[in-house]
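Visitor: Following this message is one structure expressed as structure tokens.
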Amino acid sequence: MNDRLQALQARGAARLLPVRWQLLQSLARRAAMHQGAARRVLDEKLARQLAACEDELETRLAAETGATPKPMPSPFKALMAGMTEPAQMALPANAPTSARTAPGELKAMQLFKRTWSRLSAEQRLAQSLASLPDNAGPLNSQHLVHRSLHLMRELSPAYLEHFIAHADALLWLDRVNISNGR
């Protein structure tokens, strides 16, 4: 790691990317103070930050010289990779669904999440029923949606919970967009 840090410093990372450079130095100091699993986690984080710094430095240097830089990775892809990485590391591919939780999460918390998810789905289903018009015909869109949700609950309650959570997230994003004036 130190060789990579020195190579970055020689290429001008401290001058071109001062904030990222300070982050790298701080991570390196912190990693040096730990051992075992904590050291391994910090070293992995430092390696990811070093790779990102090297890419960004290459882009900056190419911009200064007028050369065509290689395209930067999408920030969204990096975010998604960071979100899925712990789940992939913590579980084998054949792990049961009930085991797919965050590392170190309490069993009581898992039970709470499942219960809350089930109650939320039931509440949404009750809201769907309450919003139906009295004279809704068989092709009324609200009636069709409610029937679909009811059938989903009968066939796969777990999928209904997942579907409701996804729909709630989409509704929240829509409300945020509307409040920000799109």
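The values are calculated or read from the model by the stated rules, or taken from the named source; none is laboratory data. If you're wondering where the values come from, they're calculated on a predicted model, not measured in any experiment. Cβ placement follows ideal geometry from the backbone for every residue including glycine, while neighbour counts extend to all protein chains displayed.
A quick yes/no check of all residues on (1) at pLDDT 85 or above; (2) under 30 Å from residue 104 (Cα atoms); (3) of a type in the set (Asp, Glu):
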{"site": "3", "(1), (2), (3)": "no, no, yes"}
{"site": "28", "(1), (2), (3)": "yes, yes, no"}
{"site": "34", "(1), (2), (3)": "yes, yes, no"}
{"site": "47", "(1), (2), (3)": "yes, yes, no"}
{"site": "53", "(1), (2), (3)": "yes, no, no"}
{"site": "59", "(1), (2), (3)": "no, no, no"}
{"site": "64", "(1), (2), (3)": "no, no, yes"}
{"site": "70", "(1), (2), (3)": "no, no, no"}
{"site": "75", "(1), (2), (3)": "no, yes, no"}
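Visitor: Scan the range 136-169 for residues that are loosely packed, with under 12 Cβ neighbours inside 10 Å and either touching a residue at least 24 places away in the same chain (Cβ under 8 Å) or outside any helix (DSSP H, G or I) (or both) and jot them down.
Guide: If the condition is that a residue be loosely packed, with under 12 Cβ neighbours inside 10 Å and either touching a residue at least 24 places away in the same chain (Cβ under 8 Å) or outside any helix (DSSP H, G or I) (or both), then 137, 138, 139 are the ones that fit.
Visitor: Oh, and also: Pull up the range 10-27, narrow it to residues that are closer than 11 Å to residue 53 by Cβ and among the charged types (D, E, K, R), then point me to the one that is surrounded by the fewest Cβ atoms within 10 Å (Cβ to Cβ).
Guide: Once the filter is applied, the top-ranked residue is 11.
Visitor: Looking only at the range 131-167, which residues are among the charged types (D, E, K, R) and in contact with a Lys or Arg (Cβ under 8 Å, 6 or more places away or on another chain)?
Guide: Correct list: 161 only.
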